[in-house]
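Okay, so here's the structure we're looking at.
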Amino acid sequence: MIAESVDPRRERIAAWLHAMNFNIHSFEPASSDASFRRYFRIVHEKGRHIVMDAPPDKENTEPFIKVAKILKDSAIHVPEIFQLNLSEGFLLLEDFGTRCLLDELTLDNVNAYYQQAFDCLFDMQSKTSDDHLTLPEYNADLLIRELDIFYQWFAHSCLRISVPESIKNPLNDLLVASALAQPRVCVHRDFHSRNLMVLQDNSLGVIDFQDAVIGPITYDLVSLLKDCYIDWPQDKIAQLTRQYYNRISQAELVTCDYAQFTRWFDLMGLQRHLKAIGIFSRLSLRDQKHGYLDDIPRTLHYVESVLLRYPELADFSVFFHQHILPEYHTPI
């Protein structure tokens with residue numbers, strides 16, 4: 001007879017809830033993410049909640065609590081925190097339901113939903129001034145560490161390719177300089193269709209914001225419009241990019257022309273997508289989360305489209321097309 005597996009942390013969550021006099025009817029996994037956090041949906045006689053399980057030796061809940069307050073103060077709908085146990089890493093949260101934006105999007109409703117997403121993004125960028133926030137900075141060191149995830153986990157560990165310093169360093173310098181030249185705002189860092197929840201009234205709630213920083217104004221926009229989990233025709237992306245540029249330009253959040261903004265947008269997307277490809281590879285190789293590998297082809301396509309658009313990326317583009325893409329398509 002095979003013994004049932006024991007989940008000690010789940011048992012401790014149940015004990016914590018029992019101590020708060022919750023009469024639990026249902027206690028089921030809600031979701032997990034690309035970290036060590038887990039989420040459970042509990043149904044009880046008074047309604048339903050989400051419990052975040054963040055092991056203290058692997059995850060720090062304090063950034064989540066801090067950023068939740070910042071975003072709430074900026075009129076962003078984030079989950080209410082009802083109870084917390086910092087020593088155990090348990091948070092009792094508002095339940096946003098099961099409808100993430102990714103599952104709802106179609107060509108017929110994308111404009112309406114993205115306008116709501118733009119409203120959230122605009123509030124986050126315009127109402128959370130970096131003058132009074134103590135969020136980390138998206139500085140050169142962080143940007144380069146993220147690019148290194150691509151070089152290490154995708155190029156080296158997955159494809160067994162070493163990107164020469166003569167290729168890597170100029171690319172890093174170009175992408176970092178472009179990012180640091182942009183106006184600084186509050187950056188969610190994962191503002192995409194899996195982290196926007198469609199609520200009962202069809203408004204949007206925002207989750208997975210604990211890694212927020214102060215950084216480039218195009219970062220979250222490119223996360224949304226060049227989403228690693230869903231793609232749109234290039235003319236649709238251009239149309240929506242122009243709409244959001246017009247909005248933040250009128251609000252004087254940016255003072256550059258649209259050509260400069262588009263360049264920032266594209267190069268920021270290149271940095272983000274290289275990082276994402278590395279993260280997807282790491283999740284598979286290190287954490288045995290293989291489902292993210294399915295999102296690499298789409299993300300590589302975003303990379304390729306930018307490389308073909310900017311002559312100053314020619315050296316990396318040649319290396320990408322002569323070494324990375326052929327090896328990626330070769331069975332390993």
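Taking only the stretch 95-106 into account, find how many residues are in contact with a Lys or Arg (Cβ under 8 Å, 6 or more places away or on another chain), part of a loop (DSSP other than H, G, I, E, B) and of a type in the set (A, V, I, L, M).
Narrowing the stretch 95-106 to residues in contact with a Lys or Arg (Cβ under 8 Å, 6 or more places away or on another chain): 95, 100-102.
Those left that are additionally part of a loop (DSSP other than H, G, I, E, B): 95.
Now restrict to residues that are of a type in the set (A, V, I, L, M): none.
Qualifying residue count, the stretch 95-106: 0.
Is there any pair linking a residue in the stretch 144-160 that is outside the structural domain of Leu270 (by TED's automatic domain parsing) to one that is modelled with pLDDT under 95 and assigned to a helix (DSSP H, G or I), with Cβ under 7 Å and at least six apart or on different chains, and which?
none
Report yes if Gln152 is at pLDDT 95 or above, of a type outside the set (Lys, Arg) and assigned to a loop (DSSP other than H, G, I, E, B), otherwise no.
Numbers: at pLDDT 95 or above: yes; of a type outside the set (Lys, Arg): yes; assigned to a loop (DSSP other than H, G, I, E, B): no.
Against the criterion (at pLDDT 95 or above, of a type outside the set (Lys, Arg) and assigned to a loop (DSSP other than H, G, I, E, B)), Gln152 does not qualify.
Looking at Gln200, Gln182, Gln210, which one is assigned by TED's automatic domain parsing to the domain that holds Met124, outside any helix (DSSP H, G or I) and within 24 Å of Tyr310 (Cα to Cα)? Spell out how you get there, then give the answer.
Values: Gln200 fails: within 24 Å of Tyr310 (Cα to Cα); Gln210 fails: within 24 Å of Tyr310 (Cα to Cα).
It is Gln182.
Just need a number here: residues in the stretch 41-99 that are over 24 Å from Ala19 (Cβ atoms), among the aliphatic types (A, V, I, L, M) and surrounded by fewer than 15 Cβ atoms within 10 Å (Cβ to Cβ).
Going through the stretch 41-99 one residue at a time, the tally reaches 1.
Quick one: is Gln182 surrounded by 13 or more Cβ atoms within 10 Å (Cβ to Cβ) and touching a strand residue (DSSP E or B) at 6+ places or on another chain (Cβ under 7 Å)?
Yes, satisfied.
Which count do you get for residues in the stretch 173-191 that are farther than 20 Å from Phe261 by Cβ and in contact with a Ser or Thr (Cβ under 9 Å, 6 or more places away or on another chain)? Write out each step before concluding.
Taking the stretch 173-191 as the starting set, the residues that turn out to be farther than 20 Å from Phe261 by Cβ are 173, 190.
In the following step, the residues that additionally are in contact with a Ser or Thr (Cβ under 9 Å, 6 or more places away or on another chain) were identified as 190.
Result for the stretch 173-191: 1.
Between a first residue in the stretch 247-269 that is assigned to a helix (DSSP H, G or I) and modelled with pLDDT of 95 or more and a second residue that is among the charged types (D, E, K, R) and surrounded by 21 or more Cβ atoms within 10 Å (Cβ to Cβ), which pairs have beta carbons less than 6 Å apart while being 6 or more apart in sequence or on different chains?
Every condition considered, the pairs that remain are Gly269/Lys226.
Conditions first: (1) in contact (Cβ under 8 Å) with a residue 40 or more places away in the chain; (2) part of a loop (DSSP other than H, G, I, E, B). Tyr114 passes all but one, so which condition is the exception?
(2)
The values are calculated or read from the model by the stated rules, or taken from the named source; none is laboratory data. Small disclaimer: the values here were computed from a predicted structure and weren't measured. Note: ideal-geometry Cβ built from the backbone for every residue, glycine included; neighbour counts use all protein chains shown.
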